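The values are calculated or read from the model by the stated rules, or taken from the named source; none is laboratory data. If you're wondering where the values come from, they're calculated on a predicted model, not measured in any experiment. Cβ placement follows ideal geometry from the backbone for every residue including glycine, while neighbour counts extend to all protein chains displayed. Keep in mind that these areas ignore ligands, DNA and RNA; they rest on the heavy atoms of the full protein, side chains included. Shrake-Rupley method; radii C 1.70, N 1.55, O 1.52, S 1.80 Å.
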Amino acid sequence: MGSIFLFSLIVGIVSALILTPMNSSVPDQKSKGKHGKQAKPLKPERPGLIAVMVIGIAAVFIFYYLTNLDRNFSSLWPLAIVITALGAFFSSGLEQKIKGLLFVFSLVLGVYFLTAFLFNANEKFELAKMTEKVEIKTFDEKETPASVPPQFARNKMKKAFGQVPNTSYYELGHLQIQKVNGEYVYIAPVEFSGFFRWWKGDHTPGYFSLSATDSSANPKFIKEEMSYTPSSFFHQNIERHIRMQYPKKIFYGDVQLEVNEEGKPYYIQSYGKFVSARNGFDVDGIVMVDAKTGETMEYSLAKIPEFIDGAVAPEVVSLQNSYFGNYVHGYWNSIFGKSDVKMPSDEGTEANVSPIFDENGVMYYFTDFTSPKEGVDSMLGYSITNSRTGKATYYTGNPEESYMDSQGALQIIEKKFIEKKWRGKMPILYNFYGEASWLTPVLDSNGFLQNYFIVSAANPEISAYGVTPNEALKQYKTALQRGRGTVDGSSKAEEKQMEGTVLRVYKEKSGDFTIVSFLLDNKQNFIITSEKAPLIIYLKEGDQVNLKYLDTGDDFLPVKDISIKGLQ
């Protein structure tokens, strides 16, 4: 608190001296010069100076306390222009000339700050520059993607709000994804529902946790008292608390709740530096606050604790994606020529980006890029940004293919379920069986999860859906077999041949065709569609078969060709 008082005192005093006109007193009769009189030095009128000083100190204190703006003197440039202009206006003579020069200097400084974005575009592009690759590696079917959409998770948490003591005092806070004890979960803090609730409650009782991979899971309320939260007021407001501890740091993005492996909650916020002249942002680290005690700690990105997944705020990643996509040839090209400009998607779940996890449990932010031309749904590429280090990779996709962007995938879903008025949310691009594919949860008009939809980015006519991601993958594999997908030929899986006896058969209808899954006596499972082998509908237990299949390593291996003894 002392730093804001000192800052306000300095600014208030300087502002008062500039605003208050100097006043020449009557001639001093005791000290006469050559002409019989000598004027006293110029000095401000004391009552006016004190009044302006008090008002200035109070105004600066209130402004910086309420806004949480960084207390660097560079943040004062708008005030400097106003104060010096008024000071010059109310003064005269030599004093007016001096304050006029101060006004001109302040004005030039203001122009510099206001026009910095015109000249630092190349610097922004360089700091956001990404490593380039072609495709992400193939997704392992045995893994389960974090595919529960946040809207659905939030609805479930709201319905479980009765678990919270004194429910009327609170409301559900910001939802975000995190890995805790090896599981991918959504966490959302319980927040105060207003000033008087905070005044009476003093602290919030805890937060909700919900699986991000299992749509049938129920939310769990975790009891952990939190005194420093976004919905608290005055000194307990988390952003104000952070600003009081770090008055000069440059923060960007909202505060985020992170919990350690024991479930203890912490709030974090990304800090960094301006690119130039209070414009642009480059992340350096985080400030972490114990939500119960208010204890603060500062970490560079290289030294953040292991349990922190989202050290780089999604707002920072979205900003860097904008730099990378827009400023490849400078600022003016992003406005007029737009040569090589790529527009990052706004379909992400957090600040236009979507959190995903790799096979090692490391969180990344996904964004696809499209053309700035209206009406074009062709994807130009996509980026994956490490949420702990901020390092990003840009994937161009197969240069021989034209990929559909996330908006195009959502439009397909909308048309597919137009009568039910279902909508897709959180589209993520995966490499399924060597095919670039959009996986999208589908929600009804009430925000409830209905199914998962997968569509090929290169061949939009190939699509499938199921009530779970794994079921949708199974259907999608079959769709790829009968379509032009890479699981049928260009996959890296080795083609093998086998003979055996059928032990079990399972058949299910899919549109105009039948999907047949069967188990051979060697305990291996296979799958094929009647579109590829029409006679497969007659397959029964005990049949002798000779088949060619792709050894993809999946639980159900895709069959390319099959002959049934006695039928062919």
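With respect to PHE161, is the statement that it is among the aromatic types (Phe, Trp, Tyr), touching a Lys or Arg at 6+ places or on another chain (Cβ under 9 Å) and surrounded by fewer than 17 Cβ atoms within 10 Å (Cβ to Cβ) true? It is false that PHE161 is among the aromatic types (Phe, Trp, Tyr), touching a Lys or Arg at 6+ places or on another chain (Cβ under 9 Å) and surrounded by fewer than 17 Cβ atoms within 10 Å (Cβ to Cβ).
Within the stretch 149-184, being of a type in the set (A, V, I, L, M, F, W, C) and in contact with a helix residue (DSSP H, G or I) (Cβ under 9 Å, 6 or more places away or on another chain) holds for PHE161, LEU172, LEU175, ILE177.
Tell me, yes or no, whether the stretch 19-33 has at least one residue that is over 30 Å from LEU76 (Cβ atoms) and either at pLDDT 55 or above or among the β-branched types (Val, Ile, Thr) (or both). Looking through the stretch 19-33, at least one residue is over 30 Å from LEU76 (Cβ atoms) and either at pLDDT 55 or above or among the β-branched types (Val, Ile, Thr) (or both).
Here PHE208 fulfils each of the conditions (1) in contact (Cβ under 8 Å) with a residue 60 or more places away in the chain; (2) within 28 Å of TYR365 (Cα to Cα); (3) of a type outside the set (Ser, Thr, Tyr); (4) outside any loop (DSSP other than H, G, I, E, B) apart from (1).
Residues checked against (1) touching a Cys at 6+ places or on another chain (Cβ under 9 Å); (2) farther than 30 Å from THR385 by Cα; (3) surrounded by fewer than 18 Cβ atoms within 10 Å (Cβ to Cβ):
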{"residue": "THR84", "(1), (2), (3)": "no, yes, no"}
{"residue": "VAL104", "(1), (2), (3)": "no, yes, yes"}
{"residue": "LYS124", "(1), (2), (3)": "no, no, no"}
{"residue": "MET130", "(1), (2), (3)": "no, no, yes"}
{"residue": "LYS133", "(1), (2), (3)": "no, no, yes"}
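Pairs meeting the criteria (first residue in the stretch 417-438 and in contact (Cβ under 8 Å) with a residue 12 or more places away in the chain, second residue basic (Lys, Arg), beta carbons under 7 Å, at least 6 apart or on different chains) are ASN431/LYS137; TYR433/LYS477; GLY434/LYS492. Close Cβ contacts (under 6 Å, 6 or more residues apart or on different chains) running from residues in the stretch 493-510 that are outside any strand (DSSP E or B) to residues that are surrounded by 11 or more Cβ atoms within 10 Å (Cβ to Cβ) comprise ALA493/LEU550; ALA493/ASP551; ALA493/THR552. Scanning the stretch 106-122 for residues that are without any contact (Cβ under 8 Å) to a residue 60 or more places away in the chain and exposed (fewer than 13 other Cβ atoms within 10 Å of the Cβ) gives VAL108, VAL111, THR115. Can you tell me which residue in the stretch 43-82 is surrounded by the most Cβ atoms within 10 Å (Cβ to Cβ), limited to those that are touching a strand residue (DSSP E or B) at 6+ places or on another chain (Cβ under 9 Å) and within 26 Å of ASN237 (Cβ to Cβ)? Top of the filtered list is ASP70.
When the stretch 231-281 is filtered for residues that are among the aliphatic types (A, V, I, L, M) and assigned to a loop (DSSP other than H, G, I, E, B), the ones remaining, listed by number, are VAL255, VAL275, ALA277. If you go through the stretch 402-437 and keep only what is of a type in the set (Ser, Thr, Tyr), in a strand (DSSP E or B) and under 13 Å from MET379 (Cα atoms), you end up with TYR403, SER437. Just checking, which of PRO219, PRO247 is at pLDDT 95 or above and closer than 30 Å to PRO145 by Cα? Answer to the check: PRO219.
Within the stretch 520-550, the set of residues being within 20 Å of GLU471 (Cα to Cα) and either open to solvent by less than 40 Å² (accessible area, probe 1.4 Å) or among the acidic types (Asp, Glu) (or both) comprises PHE526, ILE527, ILE528, THR529, SER530, GLU531, LEU550. Taking the stretch 441-492 as the range and being part of a helix (DSSP H, G or I), open to solvent by less than 50 Å² (accessible area, probe 1.4 Å) and modelled with pLDDT of 80 or more as the test, the residues that pass are PRO469, ALA472, LEU473, GLN475, TYR476, LYS477, ALA479, LEU480.
On the stretch given as the stretch 333-343, residues that are in contact (Cβ under 8 Å) with a residue 12 or more places away in the chain and either in a loop (DSSP other than H, G, I, E, B) or open to solvent by 40 Å² or more (accessible area, probe 1.4 Å) (or both) total 5. The residues on offer are LYS416, LYS425, LYS391, LYS421, and the sole one that is among the charged types (D, E, K, R), touching a Pro at 6+ places or on another chain (Cβ under 6 Å) and either surrounded by 15 or more Cβ atoms within 10 Å (Cβ to Cβ) or at pLDDT 90 or above (or both) is LYS425.
A quick yes/no check of all residues on (1) open to solvent by 40 Å² or more (accessible area, probe 1.4 Å); (2) over 28 Å from PHE61 (Cβ atoms):
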position: GLY194; (1), (2): no, no
position: PHE221; (1), (2): no, yes
position: ASN237; (1), (2): no, no
position: GLN245; (1), (2): yes, no
position: ASN260; (1), (2): no, yes
position: GLY263; (1), (2): no, yes
position: PHE274; (1), (2): yes, no
position: MET288; (1), (2): no, no
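Of the residues making up the stretch 518-560, those that are more than 16 Å from GLY500 (Cα to Cα) and free of Cβ contacts under 8 Å to residues at least 40 places away in the same chain are SER530, ALA533, PRO534, LEU535, ILE537, TYR538.
Screening the stretch 288-334 for residues that are β-branched (Val, Ile, Thr) and over 18 Å from the mean Cα position of the chain (by Cα) and picking the one that is nearest to PHE369 (Cα to Cα) gives VAL328.
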